Each structure stands twice: as C-alpha cells, then as structure tokens.
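Below you'll find the structure, written out as structure tokens, and then a few comments.
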Amino acid sequence: MTDHILIERQGAVQIIRMNRPDKKNAITRAMYAEMAAALVAGDKDAAVRCHVFLGVPGAFSSGNDLADFMVIASGGEGGGEVWDFLLALARTEKPVVSGVDGIAVGIGTTINLHCDLTFATPRTIFRTPFVDLGLVPEAGSSLIAPQLLGLQGAFALLGLGEGFPAERALAAGLIYKVVAEDELETAALAAAADIAAKPPEALKIARDLMRGDRTQLVERIKEEGAHFRARLKSDEARAALVAFMTRKKG
C-alpha cells in the first residue's frame, strides 16, 4: 500500500487519485501496482460501475518516476508493475473517466488515450517526450494515437514530443471537454455518476462495440513494452536520462 494513491468510492464510482504533489505525481512502481489492483478489483465488483482517474491541482502526472528508470538503465531489473497497470487499463470492463489539470507528461498523457471521457483544464498540456529520453511510446499509444490524431498528429505528439495544450487536444479528439480549474472534479465526477446510473449491461455492450476487439491493443502494449525495456538499457537512453536528471538538479 502507498499513500501516494488514494482509492475512494462515491456511490458506484471508484476514484483513483494520484497523490504525490511534491513530485508532481511522478508514478512509482508501488503506485502502478496499486492502480492496477484497483482497476482489477473494481471490474470484479458489481457495485462499481465506473472508474475515475484524478491528480492534484496543477499536476495530473509528470510521468514515470525517473529514479525507477535509472535503476533499470543501470542494469537492474523490475518494472513489471508498469505493464500490469497498462494491461489492466487496456482490458478494463468498466468505463473510465479522467480529470486532468496542469502537467500531463508521458504516462500522464497516455492514460487518457484509454479513457472514455477526459476533462481537462485550460492550463493542461499533454506531452510525451519518449524519444527525447531515448525511449519509445507506451500504453498502446503507437496504435491509438494515429487512430485519433492521424499519422502526422500522432508523430507530432509521440515522435516530435510536441506539447498539446488542452484546446488543441480537444480539437484533435484527444479529450472530451475543457472546463475551468475549479469545476474539473465536479464535472468529471458528475459524468462518472451519470455513466454509473446507465443500464450496465446495455452500456457494456455499447462500449465493447465502440472499442472493438482489444487483442491488437494488448499485443501492441506488449510489443512496445519489449522495446521500452530494451531501450532503457541502451547507451542512448542512459545518456539521455542522465542528461535530463542533471538538468533538473542544475
């Protein structure tokens, strides 16, 4: 258990809140494990009809905790918790809503590619600097982003690492709605409550029809994961990570 993930219920809505404000919600292995467990448990619980991801004011997530990356880059093992979470997210049987404010980097962006509805504030910027760190896209983003954004929009997000402000993300179909900072959680939770009140069997069928067979998505996540783990141990990624962390300390 970690205090950096808070799990609560509001009626039939399960709220998964990342709560590590001092690190701008950089996600650790323990945080991934707890979020994966919450998704799996919520899917099995008939009393849960919708999942909601939230962050803290100003930070949905700054991405993966780079200290974990450095352990693997330096020859250590681990990281299975990340892929367990991504697969649980891709396979979830219940609708997923997110409320995003401020920083949404790396996994802080790609989580939302799996959400049925994402609300974001005007100051939110979605960014995936994978290539800048000598890494590759994850969470099935190399499959989903081209479907949502077209090839060039996806390349701008995943290859160029260009930031997508909330309004651009909205226009591109990456998110559902832009709302004021003081309305974000109210809007996201109201939508989740509305979803939870729908006839669950009909909603599940409708959602499954819209999402289609997820086999290809699961296989892409695994393929990305194999490349990602290999890249973490590459000289190129190691140098990029060291340079980035040196700049942060400077």
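The values are calculated or read from the model by the stated rules, or taken from the named source; none is laboratory data. Quantities reported herein were computed from a predicted structural model and do not represent experimental measurements. Methodologically, a virtual Cβ is constructed for each residue, glycine included, from the backbone with ideal geometry; neighbour enumeration extends over all protein chains shown. These area figures cover heavy atoms from the full protein model, side chains too; ligands, DNA and RNA do not enter into them. Shrake-Rupley method; radii C 1.70, N 1.55, O 1.52, S 1.80 Å.
Look at the range 203-228: where a residue is closer than 15 Å to Ala88 by Cα and a partner is open to solvent by 80 Å² or more (accessible area, probe 1.4 Å) and modelled with pLDDT of 95 or more, sitting 6+ places away or on another chain with Cβ atoms under 9 Å, you get Arg214/Arg91; Leu217/Arg91; Val218/Arg91. Of the residues making up the range 192-250, not one is among the aliphatic types (A, V, I, L, M) and on the phi > 0 side of the Ramachandran plot.
Taking first residues from the range 1-26 that are of a type in the set (Gly, Ala, Ser) and partners that are at pLDDT 95 or above and part of a loop (DSSP other than H, G, I, E, B), the Cβ contacts under 7 Å between residues at least 6 apart in sequence or on separate chains come to Ala12/Ala47; Ala12/Val48; Ala12/Arg49; Ala26/Arg20; Ala26/Ser62; Ala26/Gly63.
In the range 107-134, the residue that is nearest to Leu203 (Cα to Cα) out of those that are surrounded by fewer than 19 Cβ atoms within 10 Å (Cβ to Cβ) and more than 16 Å from the chain's Cα centre (by Cα) is Pro122. Does the range 10-38 hold any residues that are among the charged types (D, E, K, R) and over 25 Å from Lys198 (Cβ atoms), and which are they? Answer for the range 10-38, where residues must be among the charged types (D, E, K, R) and over 25 Å from Lys198 (Cβ atoms): Arg20, Asp22, Lys23, Lys24, Arg29, Glu34.
Tallying residues that are assigned to a helix (DSSP H, G or I) and over 14 Å from the mean Cα position of the chain (by Cα) within the range 35-53 yields 7.
Each row is one residue, and each column tells you yes or no for (1) under 21 Å from Gly102 (Cβ atoms); (2) surrounded by fewer than 18 Cβ atoms within 10 Å (Cβ to Cβ); (3) modelled with pLDDT of 95 or more; (4) among the small types (Gly, Ala, Ser).
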| position | (1), (2), (3), (4) |
| --- | --- |
| Met1 | no, yes, no, no |
| Ile15 | yes, no, yes, no |
| Met18 | yes, no, yes, no |
| Asp22 | yes, yes, yes, no |
| Met31 | yes, no, yes, no |
| Glu34 | no, no, yes, no |
| Ala47 | no, yes, yes, yes |
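Scanning the range 216-250 for residues that are open to solvent by 80 Å² or more (accessible area, probe 1.4 Å) and either closer than 19 Å to Gly140 by Cα or touching a strand residue (DSSP E or B) at 6+ places or on another chain (Cβ under 8 Å) (or both) turns up Gln216, Glu219, Lys222, Glu223, His227, Arg229. Only one of the listed residues (Pro137, Pro200) is out of contact with any strand residue (DSSP E or B) (no Cβ under 9 Å at 6 or more places or on another chain) and surrounded by 22 or more Cβ atoms within 10 Å (Cβ to Cβ). That residue is Pro137.
When you check Ser62 against the structure, is it touching a strand residue (DSSP E or B) at 6+ places or on another chain (Cβ under 6 Å), open to solvent by 30 Å² or more (accessible area, probe 1.4 Å) and at pLDDT 90 or above, yes or no? When the stated conditions are applied, Ser62 passes them. Within the set Glu185, Glu162, Glu167, the sole residue that is touching a helix residue (DSSP H, G or I) at 6+ places or on another chain (Cβ under 7 Å), modelled with pLDDT of 95 or more, of a type in the set (D, E, K, R) and open to solvent by 40 Å² or more (accessible area, probe 1.4 Å) turns out to be Glu162.
The set of residues in the range 170-182 that are surrounded by 14 or more Cβ atoms within 10 Å (Cβ to Cβ) and farther than 12 Å from Val97 by Cβ comprises Leu170, Ala172, Leu174, Val178, Val179, Glu181.
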